[in-house]
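Enquirer: Input: one structure, supplied below.
The values are calculated or read from the model by the stated rules, or taken from the named source; none is laboratory data. Fair warning: this is a prediction, and the values are worked out from it, not measured in the lab. Every residue, glycine among them, receives a Cβ derived from its backbone with ideal geometry; neighbour counts consider all protein chains shown. With ligands, DNA and RNA removed, areas are computed over all heavy atoms of the protein, side chains included. Shrake-Rupley method; radii C 1.70, N 1.55, O 1.52, S 1.80 Å.
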Amino acid sequence: MILQNWWYTTLLNTKVDACPPLMDKISCDVLIVGGGMAGLHAAYYLAKAGKYVALLERNICGGSTTGKSAGFLTPDSELELSQLVRRYGWDNARAVWGIAAGGVDIIANIVREYALDCDFKKQDSLFVAIDKSGRAAVEKEAETRKGMGLEYTIYQGDELAHINSGHGYTAGIRYGGTYGINPLLYAQELKAVLLKLGVRIFESTEAVAIEGNTVTTHLGAAKAEHIIVCIDKMKSGFSNVSNEVYHAQTFLSISEPVEDRDIKSAFPSEDVMCWDSKLVYTYYRFTGDNRLLVGGGSALTTFSGVDVTSPRIITRVIKNFKQRFTCLEHLEFIQYWPGRIDTTKDLIPIVDFHPEMPHVQYIVGCVGLPWAAFCGNYAARRLL
């Protein structure tokens with residue numbers, strides 16, 4: 001396997017051009033620092049509201065955590081619904097779940113409104129259990145969804161095999177309203193929408209410091225009435241907010257294109273996206289061009305403070321996956337890439353104003369694309 005992000009490979013066939021870096025001094029109503037899922041959606045909402053918006057991105061839009069993710073658009077992130085109830089009680093759990101579900105809807109609605117070409121496809125979610133503890137988790141999830149009045153279907157034994165043919169799964173719970181997406185293509189397509197809405201976007205532009213209402217970069221500066229900072233892997237020297245953020249490392253891999261019969265052998269009735277009940281879980285789905293995307297990690301590397309680039313971990317994940325899906329043993333995986341997910345201690349993002357600079361908002365620790373989309377939208381609405 002080649003150490004290369006597959007989503008970057010898919011950009012080779014797009015018509016979205018790169019934006020030049022900021023090499024001057026500019027002024028705007030609102031400055032967005034960070035062009036990932038949160039920053040792009042904040043910029044979109046503000047531009048639609050008539051604000052003059054500029055956006056700075058150190059890479060290309062979507063090029064960091066957003067563009068390294070698996071493209072699962074589901075309210076599930078690191079906490080199942082039953083876990084939310086245990087932490088926050090029924091009413092607050094319903095609200096928290098609704099936030100992530102709202103993020104899914106924000107992304108889906110934009111894709112449909114602008115007909116974005118980003119491998120967007122309907123894929124129901126399937127949480128599968130391994131061993132007795134996993135079965136108990138699935139049953140608890142079903143009980144919680146029933147209590148919330150949410151739709152679901154629970155599978156066991158032969159019923160599950162008709163949905164997911166993997167060996168060793170003891171139960172599964174499925175629900176809809178979820179999708180798969182190419183996250184980097186989505187970010188770049190949304191960038192094109194923002195440019196048409198009048199947003200000034202500067203890629204390859206890293207923010208160095210905030211001084212009052214001005215953000216300085218290596219080659220320029222931007223002054224704004226309001227600033228929204230939504231960057232990942234924040235350096236400690238940039239803001240003490242970085243002390244509130246931690247990282248979890250995961251690995252993704254992509255296969256060569258497969259035949260329709262291979263998809264049918266894994267998912268006999270309908271294509272779904274899946275993850276299992278292990279603490280460091282394995283997750284997988286088929287993309288729109290019939291490639292298998294598999295992700296996972298290990299307990300050691302997940303919480304490691306340094307980036308791991310060796311294929312050793314993802315090779316083991318793939319090996320274990322093929323042991324469950326012997327019908328897919330012949331698949332060749334061509335590329336893999338690591339990524340570190342920003343998170344807070346309680347896995348709930350921080351969206352808040354700076355205590356000493358009320359014109360600055362921070363969005364940090366968004367686990368999952370829907371959370372990031374919602375938080376960008378939410379920060380924009382708070383500003384307005």
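Enquirer: Do we have any residue at all in region 289-309 that's under 22 Å from the mean Cα position of the chain (by Cα), within 19 Å of THR74 (Cβ to Cβ), open to solvent by 70 Å² or more (accessible area, probe 1.4 Å) and of a type in the set (D, E, K, R)?
Expert: no
Enquirer: Would it be correct to say that ALA42 is buried (at least 18 other Cβ atoms within 10 Å of the Cβ) and in a helix (DSSP H, G or I)?
Expert: Working: buried (at least 18 other Cβ atoms within 10 Å of the Cβ): yes; in a helix (DSSP H, G or I): yes.
It is true that ALA42 is buried (at least 18 other Cβ atoms within 10 Å of the Cβ) and in a helix (DSSP H, G or I).
Enquirer: Follow-up. Is at least one residue of region 180-188 in a helix (DSSP H, G or I), surrounded by fewer than 18 Cβ atoms within 10 Å (Cβ to Cβ), out of contact with any His (no Cβ under 8 Å at 6 or more places or on another chain) and modelled with pLDDT of 95 or more? Quick ask: steps written out before the conclusion?
Expert: Residues of region 180-188 that are in a helix (DSSP H, G or I), as a first pass: 183-188.
After this cut, where a residue has to be surrounded by fewer than 18 Cβ atoms within 10 Å (Cβ to Cβ) as well, the list is none.
There is no residue in region 180-188 that is in a helix (DSSP H, G or I), surrounded by fewer than 18 Cβ atoms within 10 Å (Cβ to Cβ), out of contact with any His (no Cβ under 8 Å at 6 or more places or on another chain) and modelled with pLDDT of 95 or more.
Enquirer: Can you tell me which residue within region 218-235, out of those that are open to solvent by 20 Å² or more (accessible area, probe 1.4 Å) and among the hydrophobic types (A, V, I, L, M, F, W, C), is modelled with the lowest pLDDT?
Expert: Of all residues in region 218-235, those open to solvent by 20 Å² or more (accessible area, probe 1.4 Å) come to 218-219, 223, 225-226, 231-235.
This time we only want the ones that are among the hydrophobic types (A, V, I, L, M, F, W, C), so: 219, 231, 234.
Numbers: LEU219: 95, ILE231: 93, MET234: 88.
Selected residue: MET234.
Enquirer: To continue, here is another question. Could you give me the residue pairs with C-beta distances under 7 Å whose first residue belongs to region 1-30 and is farther than 23 Å from THR65 by Cβ and open to solvent by 30 Å² or more (accessible area, probe 1.4 Å), whose second residue is among the acidic types (Asp, Glu) and part of a loop (DSSP other than H, G, I, E, B) wherever it lies, and which are 6+ apart or on separate chains?
Expert: Close Cβ pairs satisfying both conditions: none exist.
Enquirer: Out of (1) open to solvent by 50 Å² or more (accessible area, probe 1.4 Å); (2) at pLDDT 95 or above, the odd one out for TRP337 is which?
Expert: (1)
Enquirer: For region 358-367, check the following and say yes or no: at least one residue is part of a helix (DSSP H, G or I) and either touching a helix residue (DSSP H, G or I) at 6+ places or on another chain (Cβ under 7 Å) or open to solvent by 10 Å² or more (accessible area, probe 1.4 Å) (or both). Can you show your working first?
Expert: Pass one, region 358-367, residues part of a helix (DSSP H, G or I): none.
There is no residue in region 358-367 that is part of a helix (DSSP H, G or I) and either touching a helix residue (DSSP H, G or I) at 6+ places or on another chain (Cβ under 7 Å) or open to solvent by 10 Å² or more (accessible area, probe 1.4 Å) (or both).
Enquirer: If you go through region 151-174, how many residues are open to solvent by 40 Å² or more (accessible area, probe 1.4 Å) and either touching a residue at least 40 places away in the same chain (Cβ under 8 Å) or among the β-branched types (Val, Ile, Thr) (or both)?
Expert: In the first step, residues of region 151-174 are kept if they are open to solvent by 40 Å² or more (accessible area, probe 1.4 Å); the result is 151-154, 156-159, 161-162, 167-168.
Checking the rest, the ones that are also either touching a residue at least 40 places away in the same chain (Cβ under 8 Å) or among the β-branched types (Val, Ile, Thr) (or both) come to 153-154, 161-162, 167-168.
Matching residues across region 151-174 total 6.
Enquirer: Same structure, new question: So which pairs qualify, if the first residue must be in region 279-307 and under 14 Å from ILE263 (Cα atoms), the second must be aromatic (Phe, Trp, Tyr), the Cβ gap must be under 6 Å, and the two must be at least 6 apart or on different chains?
Expert: Between residues of region 279-307 that are under 14 Å from ILE263 (Cα atoms) and residues that are aromatic (Phe, Trp, Tyr), the close pairs are LEU292/PHE286; VAL294/TYR284; VAL294/PHE321.
Enquirer: Tell me, which residue of region 251-277 that is among the β-branched types (Val, Ile, Thr) and buried (at least 18 other Cβ atoms within 10 Å of the Cβ) is nearest to MET1 (Cα to Cα)? Give the steps one after another, and end with the answer.
Expert: Taking region 251-277 as the starting set, the residues that turn out to be among the β-branched types (Val, Ile, Thr) are 254, 258, 263, 272.
Applying the additional criterion that residues be buried (at least 18 other Cβ atoms within 10 Å of the Cβ) yields 254, 258, 272.
Values: ILE254: 9, VAL258: 17, VAL272: 25 Å.
In this case the residue turns out to be ILE254.
Enquirer: Additional query: Of ALA70, ALA142, ALA108, which residue is over 23 Å from the mean Cα position of the chain (by Cα), open to solvent by less than 70 Å² (accessible area, probe 1.4 Å), modelled with pLDDT of 95 or more and small (Gly, Ala, Ser)?
Expert: On the way: ALA70 fails: over 23 Å from the mean Cα position of the chain (by Cα); ALA108 fails: over 23 Å from the mean Cα position of the chain (by Cα).
Answer to the selection: ALA142.
Enquirer: Only residues that are more than 12 Å from ILE107 (Cα to Cα) and either touching a His at 6+ places or on another chain (Cβ under 6 Å) or surrounded by fewer than 24 Cβ atoms within 10 Å (Cβ to Cβ) (or both): list them for region 368-381, please.
Expert: Passing the criteria: TYR378, ARG381.
Enquirer: Please give the number of the condition ALA248 fails out of (1) touching a residue at least 40 places away in the same chain (Cβ under 8 Å); (2) open to solvent by less than 20 Å² (accessible area, probe 1.4 Å).
Expert: Tallying (1) touching a residue at least 40 places away in the same chain (Cβ under 8 Å); (2) open to solvent by less than 20 Å² (accessible area, probe 1.4 Å), ALA248 fails exactly one: (2).
Enquirer: Which pairs have Cβ atoms under 7 Å, sit 6 or more apart or on different chains, and link a residue in region 92-104 that is over 7 Å from PRO370 (Cα atoms) to one that is assigned to a helix (DSSP H, G or I) and open to solvent by 20 Å² or more (accessible area, probe 1.4 Å)?
Expert: ALA93/VAL85; VAL96/TYR88; ILE99/PHE374; GLY102/PHE374
Enquirer: So, in region 195-217, how many residues would count as being within 18 Å of ALA47 (Cβ to Cβ), open to solvent by 30 Å² or more (accessible area, probe 1.4 Å) and not in a strand (DSSP E or B)? Even if it seems obvious, please write down each step before you answer.
Expert: Our first condition is that a residue be within 18 Å of ALA47 (Cβ to Cβ); within region 195-217, this holds for 195-203.
Next, from what is left, pick out any that are open to solvent by 30 Å² or more (accessible area, probe 1.4 Å): 195-198, 200.
When the remaining residues are screened for being not in a strand (DSSP E or B), the result is 195-198.
Going through region 195-217 one residue at a time, the tally reaches 4.
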